Amino acid sequence: MFQFVFQFGYPLMRLVALVGCGTRALPGAAFGPDTAGEPGCARRLLPCPDSSMVLLADACYDAYDFMEAVTGTGASFLLRSTRKRRPAVRRPLPDGSCLTTACAGKYQAGRGCGRLGVRIAEARMTVTLADGTRRSELWRLMTSLLDAESHPARELTTQYHRRRHTETCYFSLKSTILGGRVLRSRAIPGLEQEVYAC
């Protein structure tokens, strides 16, 4: 049996950053090889959030282990859930959201099956493109903010939309600052210096 390994182009690097929505400050960044998934890199940022923060994240962060780890920091989370997740409604709330339970995928001896109380709010997002085409999509938001009076569903969707404001910071990192430049270092310490220098 023969095994062929093809290498082409430059190695890719994955960068995950914690960005302040209002200030666009960058309290933390983690990066590694492209083979490391986003949640894997994001776990290294968990020392940054505290109880005064709400972590806004995209759909790939709705894994039970990650949500539990964020809750352990004292921070709250508001993230988009994947379409595959179809939680059972435990209790509907007056604002149209509902309480449910997120469960760990695996049973762990001595610990059982982990459970985390979360709230689901659904929102229909409609985008009008420059040519007038309209696209509409149902988003399911999942949060650890369980009190519907303090945090109504409409407020949650507005806050989640603010996550898009951080994209200007990412745009700067990806395009404006780096300018498509190839990083020259061949060793991890050198790559770290180049990325932080940008």
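Computed from the coordinates by the stated procedures, all read-outs in this text should not be read as laboratory data. No experiment lies behind these values; they were computed from the predicted model shown. Reconstructed Cβ throughout: ideal geometry from the backbone, glycine too, with neighbour counts over all protein chains shown.
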Positive-end residue of ALA25, ALA59, SER185, charge dipole of the range 13-197 with Cβ unit charges: ALA59
Spin-label point model (7 Å from Cα, Cβ direction): what's the VAL127 to ALA63 distance in nm? 2.5 nm
In the range 39-140, what chymotrypsin sites (Phe, Trp or Tyr not before Pro) fall in a loop by DSSP, with at most 10 other Cβ atoms inside 10 Å? TYR107
Place the peptides 115-122, 158-165, 81-88 in order of packing, highest mean first, counting for every residue the other Cβ atoms within 10 Å and averaging per peptide. 115-122, 158-165, 81-88
Could you work out the local net charge near ARG83, counting Lys and Arg as +1, Asp and Glu as -1, over the other residues with Cβ closer than 11 Å to its Cβ? +3
Around LEU141, which amide H atoms from residues at least 5 apart in sequence, or from another chain, sit under 5 Å from its own amide H, with H modelled in the peptide plane? SER81, ALA121, GLU122, ALA123
How much length is gained on full extension from CYS113 to GLU149, taking 0.36 nm per residue of separation minus their Cα-Cα distance? 10.0 nm
Run the dipole for the range 13-197 about the Cα centre, Lys and Arg Cβ at +1, Asp and Glu Cβ at -1, nothing else charged, and hand back the magnitude in debye, nearest 20. 480 debye
State whether the range 13-197 is rounded, prolate or oblate according to the following rule on the C-alpha gyration tensor (a ≥ b ≥ c being the square roots of its eigenvalues): a/c under 1.5 gives rounded; otherwise a/b larger than b/c gives prolate, and the remaining case gives oblate. oblate
